[in-house]
Amino acid sequence: MRVRRSEPVLVHAAAAAAADEEEYYYLSNLDQNVAVLMKTVHVFRPSGERPAGDDAAAVIMAALGRVLVHYYPFEGSLVVDADDGRLSVRNDRRGVPFVVADADCELEEIGDVVKAPDAAVHAQLVFVVRGSNSGEMAPLLTVQLTRFRCGGFVLGLAMNHCLADGVAAAEFLRCWAETARGVPLSAPPFLDRTVLRARTSPTVAFPHEEFAEMEDVSGLADLRDEPRVHRAFTIDAASLARLKRETAARSTFVALTAFVWRATARAMRMRPEQRSRLMFAVDVRRRVDPPLPRGFCGNAVVFACCVSAAGDLLAAPVSEAARSVQDAIGRTDDAFVRSAIDHIEVARARAPSMTATTLVTAWNRLEFHTADFGWGEAAQCGPAELPRGEVVMFMRDARDGSMVVLLGLPQSCMEAFQDMVHLL
């Protein structure tokens, strides 16, 4: 596949937002450690629902300008405070780069972008702007719409994670799509992130191992020199049901997370004394008191954490790992969330190294596919790349109830992980 890109057009909010007079937009402590790009692709197949002359690029670009009135920080600039290193958004209305591109093939020729991701294909579907040599930071959001010969198109987004977690990003996409169809927003964004500000007298009431450094006693650093292999494994509904029974887990997420934690520890050949850490994102919108307002736009996740000696983890049945996962979910209440926010405030905690760590994120719970710009819901949607090497993504195939596990491992470790998946 070859893609020819047009020059980017800067899209601005179609009207002034009420908060345009504010120079800076506040980012909470939960936004501070995730300033990485989320790259996603959303595949829309040819549809007869819109007139043949209705150009998707023009409709979606115009709708972006209208929805940016509600999401005004998305066209700003990320800045770093020189004194404390905190991130905020400067409301300078620099605009969102929008690229229209044309592919020399039909959609069918690029295959399944979720179950069989191709880095070379994804790189052509997502437009990324790097920061300049003068230190200027890249845009917070870029958009590429790629038209295919069959009449379908792919919407490729690169969004800075500090703007939104997965839930908020999916809500932004849905609001954008509703704007394109000319219907009222079902959940207008709530932009005030000060509801997650640290307390006046910060109180750290829990140990926060999610920020601790893990000692490498297994020579894991040596694996960084190996080529990293990325693969997507499809686990069918029957295998998921067996795993859920084996783990006595309350949910498929708990069962699959427990399996992946043990499988990655074994595949990475961790020594028995190596402390192995599992982290996974927990949406706290309904877990804090009071609950966050509907449409909260920002990062409203904390990382639940399980730590075990690798020898103990692998010697015990997978049901023990599942119990640890379930217990970590149960601990994630308002008190824990407030403690985590205060810990970041007090310790100026930044993201630790990910030595001996598996980080799971459940994309199967997000509703990216429901965005309908007028050509029906997306036939496929998923990440264009993993944001970092230790991340494992879960995605659901609604057609058959299977789960897709996407991860990257050093080349010598991937075969061992694959063997364990095949035993399910």
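Taking 15 Å as the cut-off, the amide N atoms of the range 220-247 that come nearer than this to a point 7 Å along the Cα-to-beta-carbon line of Leu424 belong to 231-247. Ranking Met414, Met395, Ala310 by Cα position along the charge dipole of the range 209-422, where only Lys, Arg, Asp and Glu carry charges on their C-beta atoms, puts Met395 farthest toward the positive end. For Val392, the residues whose amide H sits under 5 Å from its own are Leu359, Val360, Thr361, ignoring neighbours fewer than 5 places away on the same chain, with H placed 1.01 Å from N. Evaluated with a Cβ-only charge set (Lys, Arg +1; Asp, Glu -1), the range 290-385 carries a dipole of roughly 220 debye about its Cα centre, given to the nearest 20.
Less than 5 angstrom separates the built amide H of Gly382 from those of Val41, all sequence-distant by 5 or more or on a different chain. The slack in the chain from Ser319 to Arg181, taken as 0.36 nm per residue of separation less the alpha-carbon distance, amounts to 45.0 nm. The residue among Ala82, Val96, Val43 whose Cα reaches farthest toward the positive pole of the charge dipole of the chain, with charges on the beta-carbon of Lys, Arg, Asp and Glu, is Val43. What shape does the range 128-267 take by its C-alpha gyration tensor, where a ≥ b ≥ c are the square roots of the eigenvalues and a/c under 1.5 counts as rounded, a/b above b/c as prolate, and the rest as oblate? Judged from the Cα gyration tensor, the range 128-267 comes out rounded (a/c under 1.5). Among DSSP beta bridges lying fully in the range 3-189, give the percent that are antiparallel, nearest 5. Counting only bridges with both partners in the range 3-189, antiparallel ones make up about 85 percent. Once the C-beta distance of Val128 and Arg228 is scaled by a Förster radius of 25 Å, the resulting FRET efficiency is 0.80 to the nearest 0.05. Overall, the chain carries a charge dipole of about 600 debye about its Cα centre when +1 sits on the Cβ of Lys and Arg and -1 on the Cβ of Asp and Glu, all other atoms neutral.
Helix-only arithmetic for the chain: the sum of -39500 (n - 2.57) across DSSP H runs with n ≥ 4, divided by the residue total, places the mean residue ellipticity at 222 nm at -8000 deg cm²/dmol.
Under the classification rounded if a/c is under 1.5, otherwise prolate if a/b is larger than b/c and oblate if not, where does the chain fall, given a ≥ b ≥ c as square roots of the Cα gyration tensor eigenvalues? Oblate, since a/c reaches 1.5 and b/c is not below a/b.
Highest GNM mean-square fluctuation among Glu377, Glu367, Glu23, for the chain modelled with Cα contacts below 10 Å: Glu23.
Here the Karplus relation 6.51 cos²θ - 1.76 cosθ + 1.60, evaluated at θ = phi - 60°, turns the backbone of the range 97-113 into coupling constants of x, 10, 10, 9, 9, 10, 9, 8, 8, 9, 4, 4, 6, 8, x, 8, 6 Hz, with x for every Gly and Pro.
FYI, it's all coordinate maths here, none of it is from the lab. Given the structure is predicted, the values throughout are model-derived calculations rather than measurements. Methodologically, a virtual Cβ is constructed for each residue, glycine included, from the backbone with ideal geometry; neighbour enumeration extends over all protein chains shown.
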